[in-house]
Amino acid sequence: MTDISDTVLSLKNVEKSFVQENISLDVLKGICFELHEQEMIALTGASGTGKSTLLQIMGLLDLPTRGTVTVGHVEFSTTKARYLLHVTQRDRIRRQFLGFVYQYHHLLPELTALENVSLPRIISGTPKDLAEKQAKELLHELGLEERYNHTPAKLSGGEQQRVAIARALVNQPHIILADEPTGNLDDATTEHVFQLLLDLTQRKKIAIVVATHNLDLAKRMSKCFHLHFGKLEEITL
Ligand SMILES: Nc1ncnc2c1ncn2[C@@H]1O[C@H](COP(=O)(O)OP(=O)(O)OP(=O)(O)O)[C@@H](O)[C@H]1O
Ligand SMILES: [Mg+2]
């Protein structure tokens, strides 16, 4: 059994509803989940079942309607009012513990690869020279040492995603949350980028949750959870 102290992120009875024109869309209906150190989790489910919503809540980027999110032993409580009180703490915890990778890279178009990767490090208080040195090391690990000065428009889709992975890793997070990180790539590039992501997170002892529609990729993770009608169920692939 896994020691409870290994838990890096947990959700307790998380519910999420979106209200539009007085109609409530209940997307998450009581999710309980624990992510342990170095665990590799796949999150599957049909389109529109709430995978992105769930990742946003895990990443403290969105608020649950009800329930509790705990990241790095800091509990973010149920009600919106109390949650908002924690905004500064939320930002700090997010920077310290979490890195995100999205389907569409979300890199800043006017910045080079090196600037995109070093920026989160500089925002966290690292001097520019050191942040750039660390960003270069990561880009090098991802095979992008000849692309430091390319802006995103001058990179291929696979290269853009590798830069996005470097950016997610630069603050040395404990957890990576990836929302269909290869959903926009062809099969061969998917294989390359996904394997790089897994190799790097394992080597750096980072836990990862990946939302994906690709069951071949999901099979490579240590566990798979399936989202269906607002509930999360562990499945064997
Ligand atoms: N801000 C919002 N306001 C209203 N409804 C929303 C909002 N965000 C998401 N939804 C709804 O919540 C449901 C879940 O959306 P979500 O994007 O989490 O699904 P998903 O599982 O990630 O889908 P996909 O596989 O297509 O990415 C959808 O029906 C969507 O329309
Ligand atoms: Mg989604």
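The values are calculated or read from the model by the stated rules, or taken from the named source; none is laboratory data. The structure presented is a predicted model; accordingly, all values stated were derived computationally and were not measured. Heads up, the Cβs are rebuilt from the backbone with ideal geometry, glycines too, and the neighbour counts pull from every protein chain shown. These area figures cover heavy atoms from the full protein model, side chains too; ligands, DNA and RNA do not enter into them. Shrake-Rupley method; radii C 1.70, N 1.55, O 1.52, S 1.80 Å.
Has segment 220-231 got at least one residue that is open to solvent by 10 Å² or more (accessible area, probe 1.4 Å), in a helix (DSSP H, G or I), among the hydrophobic types (A, V, I, L, M, F, W, C) and more than 11 Å from residue 40 (Cα to Cα)? So far as segment 220-231 goes, no, none of its residues is open to solvent by 10 Å² or more (accessible area, probe 1.4 Å), in a helix (DSSP H, G or I), among the hydrophobic types (A, V, I, L, M, F, W, C) and more than 11 Å from residue 40 (Cα to Cα). Restricting attention to segment 124-162, the residues that are of a type outside the set (D, E, K, R), under 23 Å from residue 213 (Cβ atoms) and within 21 Å of the chain's Cα centre (by Cα) total 4. Of all residues in segment 64-82, those that are part of a strand (DSSP E or B) and at pLDDT below 90 total 3. Within segment 106-123, the set of residues being of a type in the set (A, V, I, L, M), within 19 Å of the chain's Cα centre (by Cα) and within 19 Å of residue 92 (Cα to Cα) comprises 117, 119, 123. Filtered by the rule that a residue be assigned to a loop (DSSP other than H, G, I, E, B) and either in contact (Cβ under 8 Å) with a residue 60 or more places away in the chain or of a type outside the set (Asp, Glu) (or both), segment 160-198 gives 170, 171, 172, 173, 174, 180, 181, 182, 183, 184, 185. Which one is nearest to residue 8 (Cα to Cα) among residues in segment 189-219 that are loosely packed, with under 13 Cβ neighbours inside 10 Å and acidic (Asp, Glu)? Going through the qualifying residues, I end up with 199. Among the residues of segment 137-159, is any away from ligand 1 (no atom under 16 Å from the Cβ), under 24 Å from residue 9 (Cα atoms) and assigned to a helix (DSSP H, G or I)? Within segment 137-159 (the criterion being away from ligand 1 (no atom under 16 Å from the Cβ), under 24 Å from residue 9 (Cα atoms) and assigned to a helix (DSSP H, G or I)), the answer is no, since none of the residues qualifies.
The number of residues in segment 94-124 that are assigned to a helix (DSSP H, G or I), among the β-branched types (Val, Ile, Thr) and open to solvent by less than 70 Å² (accessible area, probe 1.4 Å) comes to 2. Looking across segment 51-63 at every residue that is open to solvent by 10 Å² or more (accessible area, probe 1.4 Å) and in a loop (DSSP other than H, G, I, E, B), the one that is farthest from residue 183 (Cα to Cα) is identified as 63.
Restricting attention to segment 35-47, the residues being within 11 Å of ligand 1 (Cβ to nearest atom) and either closer than 17 Å to residue 233 by Cβ or at pLDDT below 95 (or both) number 4. The sole residue among 129, 186 that is out of contact with any helix residue (DSSP H, G or I) (no Cβ under 6 Å at 6 or more places or on another chain), assigned by TED's automatic domain parsing to the domain that holds residue 67 and not aliphatic (A, V, I, L, M) is 186.
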